[in-house]
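Every number here is computed from the coordinates shown, using simple stated rules; none is lab data. None of the values given here were measured: they were computed from a predicted structure. Here Cβ is always computed from backbone atoms with ideal geometry, including for glycine, and neighbour counts include all displayed protein chains.
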Amino acid sequence: MSELLTLPVEVIAARVRGGEVSATEMIEASLGRIAEVDSRLGAFLGIEADEALASAGAIDARRRRGERLGRLAGVPVARKDNLSYSGRLTGCASRMLEGYVSPLTATAIERLVAEDAVFVGRTNMDEFAMGSSCENSAFQVTRNPWDLRRVPGGSSGGSAAAVAAGAVPLALGSDTGGSIRQPAAFCGVVGVKPTYGRVSRYGLVAFGSSVDQIGPLGRDVRSAALALEIMAGEDPRDATSSRIAAPALLDEIETGLGGMRVGILREVPVSGLDPAMAAAWSAALERLTRLGAELVEVSVPNLEAAIAIYYVIANSEASANLARFDGMRYGRRVAAAGLEETYTATRTAGFGHEVKRRIILGSFALSAGYYDAYYGRARGVLRALEQQFRSAFASVDLLATPTTPGSAFALGERTSDPLAMYLSDIFTTPASLAGLPAVSIPCGCDDTGLPLSLQLMAAPFAEASLLRAARAFERDFAWSVAPRFRGETDAA
Amino acid sequence: MSLSLEEVRRAAALSRLRLTAEEEGLFAAQLGRIVAHIDHLREFASLTADSDPAPGLEADDEPRPDPRGELFLANAPEVRGPFYAVPRMLAGGGAAETDGPDE
């Protein structure tokens, strides 16, 4: 692997700006690494080599002319397949959108490109971001680069696997209930879910609009922080984007977490953690204390309701959002007798099992006779959860939990039991529901070497202190993202 | 616990999805377990849901030409001139070319 691809993105960009390496060489290195590893991983659904090399060539030409280059000059970036890029395929890993060429570019991508980032391809995901393992893609399974017999997590599993394998130093994902943090944890990289409204959702194919957020996955905290800093901020094209000024996340990121009060949730079921995760969690708390944090027990009683709330709210919104896929304006159309029959035939053929299951669940929760008992009740319990989080953050700066109950599970292990799959998101869904910023950072490994991660959450728009603490933890833990592609023979 | 087949069929129809008999049975069992888990929400504290709209930005509600119109149409399964072409609304209709909008 080119060592350049493992460097923090600000170092890569500085070298490109300084002429030590060209943007073209960076993109060629990334494309070379993708060619080397992706037949084993299945992280990418499409490589945009011509476009990427053309962009890199233009950046190099600007440097030769003495023009100023951006903060991400020549950095290769991958995008999840639900993020629009004008003129390029965007398919949400679904047969429904096979061949769809986006007419617009997501604001998050536009802002990264304005800083001279170069997008090299689109990554695999669970279809329409519905899943926790990347096994629900209509096209391929993505494997975990630490152990090819394991899932990379989901739904942004392709992005996490691509970063961990050193194919790109930075990737974009989206997080609706943990879809950045859980795959980041399974693949041993850093994943950030920003505060709801911090990053514009314009150009993100909607799943659960009240919880969806775009965020970065990187090999280190500084790389993710820089990408978030660039993407953040008001966007008139997303009515839910916040007017709160985008923070300068790198300014104080090295100042440590001394004096911070870190809340430990009484409701986190330590007895439900895998033994290796329980040990890593305990060690992580000791590390936080040693670094100067004060640990404080706090209570968020509705935390245990998060999965149930999430699957009502997110799937109700999904049932409405995915109603647009009817074969009329984009995507596939299955011809049938009349309009109604065409809708049904198209959707029945275009969506996979998990998407159908969730749309049906959402329609059920919103239907006459059930609305109050399911959607209405979930909204009420969510409102109490939000208030409980506000009370907790009155006395602490951060909350800490494991990101997942254990390390990456085996391919196929949970596909027949959707509820078991859903319950593995127990620690990530609360921050999504309450709109809180959260980060997943490696904190250990199990006895087979699979990564385990710590999640930190902060009050809305407190990304600066969140990432300052994450950086302090990372610096002390000194994790190396060095997957070994175990299980090569078995996975073949 | 499982949902009744009738409940699954009704929700599938609302979703404009057609399920095979095998899928109906599978989804009834799987969704039943999920709904049983969701029923535990009764045990948690609840507040009256806020009816105020979330604060956000409001765009001016003014029509304006979008130069990307052709790009949007390029993804349509079928178009006629500057319009999306769709099948006849009433059962028995044929392909869009028999009833697309006049140019």
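A few notes on this one:
- Of the residues A:326, B:60, A:116, the one with the fewest other Cβ atoms within 10 Å heads the list, and the complete ranking is B:60, A:326, A:116.
- Average other protein chain Cβ within 10 Å of Cβ, residues B:31-43: 6
- Tensor-based shape of segment A:104-186 (alpha-carbon gyration tensor, a/c under 1.5 rounded, otherwise prolate or oblate): prolate
- Residue mean of other protein chain beta carbons inside 10 Å, A:325-336: 4
- Peptide A:312-321, shielding by other chains (average Cβ, 10 Å cutoff): 1
- Whole-number percent relative contact order across segment A:399-492, with pairs defined as alpha carbons under 8 Å at least 6 apart: 29
- For chain A, hydrophobic long helices are taken as DSSP H runs at least 18 Å long by C-alpha position along their axis with mean Kyte-Doolittle hydropathy of -1.0 or more; these are A:23-41, A:49-64, A:275-290, A:306-321, A:353-366, A:377-393, A:463-477.
- Cα-projected label distance for residue A:40 with residue A:243, points at 7 Å along beta-carbon direction, nm: 5.3
- Here segment A:319-378 is treated with +1 on each Lys and Arg Cβ and -1 on each Asp and Glu Cβ, and its dipole about the Cα centre works out to around 240 debye.
- By the beta-carbon count within 10 Å of each Cβ, the least crowded to most crowded order of A:47, A:307, A:214, fewest first, is A:47, A:307, A:214.
- Estimated [θ] at 222 nm from DSSP helical runs (n ≥ 4, -39500 (n - 2.57)) normalised by residues in chain A, nearest 500: -11500 deg cm²/dmol
- Value of relative contact order over chain A, rounded to a whole percent, pairs C-alpha under 8 Å and six or more apart: 18
- Length gained on full extension, residue A:14 to residue A:254: 84.5 nm, using 0.36 nm per residue less the C-alpha separation.
- Antiparallel DSSP beta bridges within chain A, as percent of all bridges there, nearest 5: 65
- The packing ranking, built from the mean of other Cβ atoms within 10 Å per residue, places the peptides A:234-245, A:157-168, A:98-109 in the order A:157-168, A:98-109, A:234-245, highest first.
- Packing-based ranking of A:273-285, A:169-181 yields A:169-181, A:273-285, ordered from highest to lowest mean Cβ neighbour count within 10 Å.
- Mean separation of Cα contacts under 8 Å, 6 or more apart, over the residue count of segment A:1-131: relative contact order %: 30
- Arranged from fewest to most other beta-carbon atoms within 10 Å of their beta carbon, A:128, A:389 become A:389, A:128.
- Farthest toward positive dipole pole in the protein assembly as shown [+1 Lys/Arg, -1 Asp/Glu at C-beta], among A:89, A:477, A:167: A:477
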